[in-house]
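J.: I am attaching a structure below and will ask some questions about it afterwards.
The values are calculated or read from the model by the stated rules, or taken from the named source; none is laboratory data. Treat the numbers as computed from the prediction; the structure is a model and nothing was measured. Note that we place each Cβ from the backbone using ideal geometry, even for glycine, and neighbour counts take in every protein chain shown. For the accessible areas, the whole protein counts, side chains as well, though only heavy atoms, and no ligand, DNA or RNA atoms are used. Shrake-Rupley method; radii C 1.70, N 1.55, O 1.52, S 1.80 Å.
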Amino acid sequence: MADISHPPMEQLQDLEYCIDSNPSWAETILLGFQNYILMLGTSVMIPSMIVPMMGGSDGDKIRVIQTLVFVSGINTLLQALFGTRLPTIVGGSFAYVTPILYIIHDTSSRQIPPDERFIQTMRAIQGALITASSLQIVLGYSQLWGIFSRFFSPLGVAPVIALVGLGLFERGFPLVGNCVEIGLPMLLMVIGTSQFLKHIRPFKDIPIFERFPVLICVTIVWAYSHVLTAGGAYRHTPETTQASCRTDKANLISSAPWFKFPYPLQWGAPTFDAGHTVAMMAAVLVSLVESTGAYKAASRLAIATPPPAYVLSRGIGWQGIGIMLDGLFGTGTGSTVSVENVGLLGLTRVGSRRVVQISAGFMIFFSILGKFGALFASIPFPIFAALYCVLFGLVASVGLSFLQFTNMNSMRNLFITGLSLFLGISVPQFFNEFQAASGHGPVHTRAGWFNAFLNTIFSSPPTVGMIVAVSLDNTLEVEKSKKDRGMPWWVKFRNFRGDNRNEEFYTLPFNLNRFFPPT
């Protein structure tokens, strides 16, 4: 038995840079640029999907992409400096798509001239984001979310974090398969470069293949896909194949201005509607749950202690401010923690906070220089999807690693873990398939805002997983199962003063803790 025993470890092995240690400046800048390239996938896909539905042109689409990337840079800096202080990228979120679709169809049903439809819809989305952001601001700065997080145990959060990764499976191989001649080589190359070639060091003391697998593989496969496009490989293929495979199909570069500085209210004054706000609040709640799981995964991959309740609340409060900025600038969607960039911490074994701060600088810089940003944003999406297969899986496995602090020989724990994981995948799959087949979600009443609210909540794997796992974990044999749930290990991380390492990881810069003392 002793030969197969692996004692629980608070920190992961083999990670080389923690949250407050930094590689050389050259490495840091390249790693920051790598994070920027990775976050472009979601930043391009969301506007590319919703802007045409809003009646927008290619010019509108690239402007929304620029704005989203610009505000993501600001939000990432705010989170890294004053929020959780974890090395996380804050970017656009798919959680907001359902309420956005409700707003699009709601505004299009009114008597709006076609040439004004995009602007009117964007203003409606802005108003909903601005008002709904107050929910996260209140839950964060009032410490209510921190208080709720005290009901978490390792058993309760493990399925939630796992579903943050597993729940995004539709953005993995299904999208790789849309252009398999690009996606599959990319997937195999990322695995080979990061895992098999990492022991080869072309330059002294710098593990090139381990640190920069995204930059290396994206460059090679992007060039290969450009050769296929230029050679006419997709000349007579279906429109959907061309959209996935061609490097020149998105019209991003030709539509992008050389220089454009996004600014608040650039689309005009937001419009406010109570139904839109309620629908958007569901997405705000979903992004809160997803971000909570991502923060806990990032803390483990950055060799930090789990964020205490006070730090978690602080981060959620700043995230609410970020969603308000999304509404003011008009990004077309709300924001959350980028799951793929959390996975990149584990792939590169670098959890440095400085890297994401540098990455935020790239986001702001290239979003202002439109042509250059559009060049990088024109990377075919199957290339990103191949990366997601690896990175989302990494985040899921980090979530499962929290089970080591629990007793997985307990039938109670096996029941809760299995049920929350299964329902967390199965319920959203039902909602998504129903939506695809019927054009509306399973909740379909005359109240559109009510439909959008519930359909958004139950289309989110981490949210469904949290409802099941935390509810059962805090009601089934609670008192006699404290040790089995992992509470003796977990409880010391609840408070900021519970572990002396918390000050090293989560203390605010510029001596701001004097004015905002942790609780």
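J.: Of all residues in segment 440-465, count the ones that are aliphatic (A, V, I, L, M), closer than 23 Å to residue 147 by Cα and in contact with a Pro (Cβ under 8 Å, 6 or more places away or on another chain).
T.: Number of matching residues: 1.
J.: What is the residue count in segment 298-352 for residues that are of a type in the set (D, E, K, R) and in contact with an Asp or Glu (Cβ under 7 Å, 6 or more places away or on another chain)?
T.: 1
Rundown of residues vs (1) of a type in the set (Gly, Ala, Ser); (2) modelled with pLDDT of 90 or more, yes/no style:
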{"site": "465", "(1), (2)": "yes, yes"}
{"site": "468", "(1), (2)": "no, yes"}
{"site": "476", "(1), (2)": "no, yes"}
{"site": "479", "(1), (2)": "no, no"}
{"site": "494", "(1), (2)": "no, no"}
{"site": "498", "(1), (2)": "yes, no"}
{"site": "503", "(1), (2)": "no, no"}
{"site": "508", "(1), (2)": "no, no"}
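J.: Looking at (1) modelled with pLDDT of 90 or more; (2) surrounded by fewer than 20 Cβ atoms within 10 Å (Cβ to Cβ); (3) among the small types (Gly, Ala, Ser), which is the one condition that is false for residue 48?
T.: (1)
J.: Need pairs with beta-carbon distance below 7 Å; first residue in contact (Cβ under 8 Å) with a residue 40 or more places away in the chain and of a type in the set (Ser, Thr, Tyr) and within segment 383-408, second surrounded by fewer than 19 Cβ atoms within 10 Å (Cβ to Cβ) and in a helix (DSSP H, G or I); sequence gap 6+ or separate chains.
T.: As it stands, the answer is 406/484, since those pairs meet every condition given.
J.: Please find, within segment 302-335, the residue that is nearest to residue 133 (Cα to Cα) out of those that are open to solvent by 10 Å² or more (accessible area, probe 1.4 Å) and either within 15 Å of the chain's Cα centre (by Cα) or of a type in the set (Phe, Trp, Tyr) (or both).
T.: Ranking the candidates gives 318 first.
J.: For segment 219-243, name all the residues that are within 20 Å of residue 32 (Cβ to Cβ) and either of a type in the set (Asp, Glu) or surrounded by 16 or more Cβ atoms within 10 Å (Cβ to Cβ) (or both). I'd like the intermediate steps shown before the answer.
T.: Looking only at segment 219-243, we keep the residues that are within 20 Å of residue 32 (Cβ to Cβ), and these are 219, 222.
Answer for segment 219-243, where residues must be within 20 Å of residue 32 (Cβ to Cβ) and either of a type in the set (Asp, Glu) or surrounded by 16 or more Cβ atoms within 10 Å (Cβ to Cβ) (or both): just 222.
J.: Also: Starting from segment 316-340, keep only residues that are closer than 20 Å to residue 149 by Cβ, then list their pairs with residues that are in a loop (DSSP other than H, G, I, E, B) and of a type in the set (Val, Ile, Thr) whose Cβ atoms are within a distance under 7 Å, requiring at least 6 positions of separation or different chains.
T.: Sorted first by the residue in segment 316-340, then by its partner, the pairs are 337/88.
J.: Next up: Which one is surrounded by the fewest Cβ atoms within 10 Å (Cβ to Cβ), of the residues in segment 419-447 that are assigned to a loop (DSSP other than H, G, I, E, B) and modelled with pLDDT under 90?
T.: 446
For (1) surrounded by fewer than 23 Cβ atoms within 10 Å (Cβ to Cβ); (2) more than 17 Å from residue 291 (Cα to Cα); (3) basic (Lys, Arg); (4) at pLDDT 95 or above, each residue gets a yes or a no:
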residue	(1), (2), (3), (4)
44	no, yes, no, no
55	yes, yes, no, no
58	yes, yes, no, no
65	no, yes, no, no
69	no, yes, no, no
72	no, no, no, yes
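J.: Restricting the search to segment 16-31, which residues are open to solvent by 30 Å² or more (accessible area, probe 1.4 Å) and within 15 Å of residue 209 (Cα to Cα)?
T.: If the condition is that a residue be open to solvent by 30 Å² or more (accessible area, probe 1.4 Å) and within 15 Å of residue 209 (Cα to Cα), then 16, 30 are the ones that fit.
J.: Which one of these is of a type in the set (A, V, I, L, M, F, W, C) and open to solvent by 40 Å² or more (accessible area, probe 1.4 Å): 208, 216? Walk me through it before giving the result.
T.: Values: 208 fails: open to solvent by 40 Å² or more (accessible area, probe 1.4 Å).
Going through 208, 216 in turn, the sole match is 216.
J.: Right, next: Looking at 142, 149, which one is more than 25 Å from residue 384 (Cα to Cα), open to solvent by 40 Å² or more (accessible area, probe 1.4 Å) and not acidic (Asp, Glu)?
T.: 142
J.: For the structure I just gave you, tell me whether residue 300 is among the charged types (D, E, K, R) and within 16 Å of residue 150 (Cβ to Cβ).
T.: No, not satisfied.
J.: Could you say which residue among 96, 102 is open to solvent by 20 Å² or more (accessible area, probe 1.4 Å) and either assigned to a helix (DSSP H, G or I) or modelled with pLDDT under 95 (or both)?
T.: Every option except 102 fails the conditions.
J.: Turning to a different aspect of this structure: Within the set of pairs 6+ apart or on separate chains, which have a first residue in segment 23-39 that is within 28 Å of residue 171 (Cβ to Cβ) and modelled with pLDDT of 90 or more, a second that is among the basic types (Lys, Arg) and open to solvent by less than 10 Å² (accessible area, probe 1.4 Å), and C-beta atoms under 7 Å apart?
T.: If the second residue must be among the basic types (Lys, Arg) and open to solvent by less than 10 Å² (accessible area, probe 1.4 Å), the pairs left are 31/211.
J.: A further question follows. Quick check on segment 172-187: of everything there that is open to solvent by less than 10 Å² (accessible area, probe 1.4 Å) and in a helix (DSSP H, G or I), which residue is modelled with the lowest pLDDT? Walk me through how you get there before you give the answer.
T.: To start, the set of residues in segment 172-187 that are open to solvent by less than 10 Å² (accessible area, probe 1.4 Å) comprises 172, 176, 179, 182-183, 186.
Cutting the leftovers down to in a helix (DSSP H, G or I) gives us 176, 179, 182-183, 186.
Details: 176: 90, 179: 87, 182: 91, 183: 90, 186: 94.
The qualifying residue modelled with the lowest pLDDT is 179.
J.: Sticking with this structure for a sec: Which pairs turn up if I take residues in segment 449-471 that are within 22 Å of residue 396 (Cα to Cα) and look for partners that are crowded, with 24+ Cβ neighbours inside 10 Å and among the hydroxyl-bearing types (Ser, Thr, Tyr) with beta carbon separation below 7 Å, at least 6 apart in sequence or on another chain?
T.: Taking only residues 6 or more apart or on different chains, the pairs are 456/98; 457/463; 459/98; 465/420; 468/420; 469/420.
J.: Okay, next question. Pick from 384, 402, 365: which is in a helix (DSSP H, G or I), open to solvent by less than 10 Å² (accessible area, probe 1.4 Å) and more than 23 Å from residue 223 (Cα to Cα)?
T.: 402
J.: Just wondering, is there one or more residues in segment 64-84 that are assigned to a loop (DSSP other than H, G, I, E, B) and either closer than 30 Å to residue 349 by Cβ or in contact (Cβ under 8 Å) with a residue 40 or more places away in the chain (or both)?
T.: Checking segment 64-84: at least one residue is assigned to a loop (DSSP other than H, G, I, E, B) and either closer than 30 Å to residue 349 by Cβ or in contact (Cβ under 8 Å) with a residue 40 or more places away in the chain (or both).
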